[in-house]
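The values are calculated or read from the model by the stated rules, or taken from the named source; none is laboratory data. Just so it is clear, the structure is predicted and the values come from calculations on it, not from any experiment. Heads up, the Cβs are rebuilt from the backbone with ideal geometry, glycines too, and the neighbour counts pull from every protein chain shown. In case anyone asks, the SASA skips ligands and DNA or RNA and just uses the protein heavy atoms, side chains included. Shrake-Rupley method; radii C 1.70, N 1.55, O 1.52, S 1.80 Å.
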Amino acid sequence: MQKILLTFSILHFAFYISTATAQQVNETKGFYQFLTDDPNQKPFFSDKKGVFASNGMVASAHPEASRVGVEILKAGGNATDATVAVQFALAVVHPSAGNIGGGGFFVYRTAQGQNYTLDFREKAPLKGNKDMYLDAQGNVVAGLSMTGHLASGVPGSVDGMAEAHKKFGKLPWETLLQPAVDLAEKGHILTEKEARGLNMVKPTVQKVNPNTPYFAKPDGQDWKAGDVFVQTDLANILRLIQKKGRKGFYKGQTAKLLVAEMQRGKGLISKKDLRQYHSTWREPLVGTYKNFKIITMPPVSSGGVALLQLMKLVEPYPLKRWGWNTDSTVQVMIEAERRVYADRAKFLGDPDFVKVPVQELTDPNYLKERWRSFDFAKATDSKALQGGTIAGYESTETTHFSIVDKEGNASSVTTTLNGGYGSKVVVAGAGFLMNNEMDDFSIKPGVPNMFGLIGNKANAIAPGKRMLSSMTPTIIEQNGKLHSVVGTPGGSTIITSVFQTVLNVLEHGMSLQQAVNALKFHHQWLPDKTVFETNGFSENTIKKLQSRGYILEVQKNTIGRMDCILVQPDGTLEGGSDPRGDDTSVGH
Ligand code: DON
């Protein structure tokens, strides 16, 4: 257990290279009193204000990427065009999570109200197998699925962007790649957080790639805020993609360099893997919460199923009347989370390989049944709770951005290398980082992954199979109109962060930016404890929950990095970007 906890916090430290202390906030006293009766509690991470505009909005993890997105919107591009430009820009300016060597999910709602989802998640290499991270005794070889060449799945991001563009793009592909090429070739100015991230990861990158000087500052010193970070090899690869589309990545020079890199480090990705990779359009997952419609990602993400389950589970309870983060509100949310993550471990996996009972898991009667073991007097024991029973079922550093354009098309994208800077493998001569997404498989039944999540057969490795994800890019509608676009990184905390932020707006009367600023908590069934951000719970909430047997732990680092957009009643867009990172909304 200790090992799980340790891994969990080390990883959070690695992803959130943030200041981590809740800042003093200056909101009006009235709103505090409305939110909490504890005069010592500051319920917001900061008093950052939302960004407002009428013609379009891009909320992303980096000011340069958001600027690029808005430039594309201003040039007549739609939300998909901006999505492509932002995805490639993030691969340059936000290398810990932005990527061409990873994958992700794209949820799209047209201005006319049609919904689409594209799965560009990585796949296990064809030479992969369910025991590939076990030694001769059947034990997990520590770290093998997390660092180095074996940790990578076949990347999906470039194919995903090409597919999205083919279906919805308006501007030429070349135009959308140009900003990323420029940022890589001319360099971009590092923020303090980025400089800290590069310095932190440099020793590991150099160990994994002993012959390449990636991430080293030319003068051998540490990076600092204001330095210019130039990525010449990456610029060349982006030019190839610009010229040749998906072929510029999955064939020719890039494919050659990638496969050579794999061979150098005994990785499994082959030319055939690259040639055969294709992203997949999937039927969007749609559910309701009161009079809101929730459009979200189906499996192979667990995020959409989990979010719909969570919303339905808490719907009957008067959260608004009980108030934000009061003991009753928190208790009901924790117990919903406990049940949903137990289901996730048992049932969720790649729908192209296993039957995922989505309908059954989101059925209101099934969810009602799941509450049967809940007692307000006492925390449910996770050890005594398993995934639910479904008739006929045979068991078996990420980044998010949201975009709305002038017409009202909306794009919600979460994309990742998995851990911060992925596997730390930089493809020599190509300058991009490879993912360590293989760790999202259940590498051995019941053994926790880097987020402490456990899984089973449904998420076992198989050649060409996609690993389960928690990413939850989501779009919400009210009365047939676009209401909001939400999402975040954060591994297993993605689902609960989206859940809380949505409830903060729909139930607790917060503006979008307040909802993003508000402090969060998280429970994932196992380990059986609730982590919360400093100040997230009042003394009263802590005392009452502890008296009912809840194990509470302050999470020193932050939870979530939301980048969201809300349409106000008069049509004005509010961009809400997380104060916990460099996240920035830019409107026009
Ligand atoms: O797909 C998933 O659920 C994980 N690979 C997400 C990783 C993540 O969010 C890390 N970043 N903070």
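Spin-label pair Ile551-Lys251: with each label point 7 Å from Cα along the Cα-Cβ axis, the two points sit 5.4 nm from one another. Cα convex hull, the range 257-376: 168 Å³ per residue, rounded to a whole number. Here is the link list: Lys186/Lys406; Lys166/Lys247; Lys74/Lys247; Lys383/Lys465. Which ones come out longer than 22 Å on Cα distance? Long pairs (Cα-Cα over 22 Å): Lys186/Lys406; Lys74/Lys247; Lys383/Lys465. Considering helices alone, the calculated mean residue ellipticity of the chain at 222 nm is -10500 deg cm²/dmol, with DSSP H runs of length four and up weighted by -39500 (n - 2.57) and normalised per residue. What is the ratio of the Cα radius of gyration of the chain to 2.2 N^0.38 Å, with N the residue count, to two decimals? The reported ratio for this selection is 0.89. Shown are Leu526, Leu35, whose ranking by accessible area with a 1.4 Å probe and every protein chain present, most to least, is Leu526, Leu35. Near Ala430: Cβ cut-off under 13 Å, other residues only, Lys/Arg at +1 and Asp/Glu at -1. The net charge is +1.
Counting only lysines at least 8 places from Lys290 when in the same chain, those with an alpha carbon closer than 22 Å to its own are Lys312, Lys320, Lys368, Lys481. In units of the rule-of-thumb radius 2.2 N^0.38 Å, the range 322-451 shows an alpha carbon radius of gyration of 1.39.
Counting only protein heavy atoms and using a 1.4 Å probe, the accessible area of Asp405 comes to about 10 Å². If you take the Cα centroid of the range 432-455 and the Cα centroid of the range 46-91, the two points sit 31 Å apart.
Can you give me the Cα centroid spacing of the range 189-216 and the range 323-339 in angstrom? Each part's Cα centre sits 40 Å from the other's. Taken over the alpha carbons of the range 192-288 as equal point scatterers, the Debye sum produces base-10 log I(q)/I(0) values at 0.17, 0.18, 0.23 Å⁻¹ of -0.95, -0.99, -1.16. Note that the range 340-347 has calculated 3J(HN,Hα) couplings of 5, 6, 5, 4, 4, 5, 8, 10 Hz, one per residue in order, obtained from phi through the Karplus relation 6.51 cos²θ - 1.76 cosθ + 1.60 (θ = phi - 60°); glycine and proline are x. Once the C-beta distance of Glu315 and Lys529 is scaled by a Förster radius of 25 Å, the resulting FRET efficiency is 0.45 to the nearest 0.05. The accessible area of Lys544, taken with all protein chains in place and a 1.4 Å probe, comes to roughly 80 Å².
Which percentage, to the nearest 5, of the DSSP beta bridges contained in the chain is antiparallel? The antiparallel fraction comes to roughly 95 percent.
Taking 4 °C and 1.567 mPa s as conditions, the range 454-588 diffuses translationally at an estimated 78 µm²/s according to Stokes-Einstein applied to its Kirkwood radius (Cα pairs).
Calculated FRET efficiency, Thr204 and Glu539, Cβ-Cβ r, R0 56 Å, to nearest 0.05? The pair Thr204/Glu539 has a calculated efficiency of 0.90.
Using the Cβ-Cβ distance between Ile189 and Leu134 with R0 = 60 Å, the FRET efficiency computed as 1/(1 + (r/R0)^6) comes to roughly 0.85. In summary, the lysines within cross-link reach of Lys193, defined as a Cα separation below 21 angstrom excluding same-chain residues under 8 places away, comprise Lys48, Lys49, Lys202, Lys217, Lys224, Lys424, Lys556. What net charge is computed for the residues neighbouring Gly287, neighbours being all others with C-beta under 10 Å from the C-beta of Gly287, Lys and Arg scored +1, Asp and Glu -1? Here the count lands on +2. Per-residue Karplus couplings for the range 271-284, computed as 6.51 cos²θ - 1.76 cosθ + 1.60 with θ equal to phi - 60°, are listed in order as 4, 5, 3, 5, 4, 8, 5, 9, 6, 10, 6, 10, 4, x Hz, Gly and Pro entered as x.
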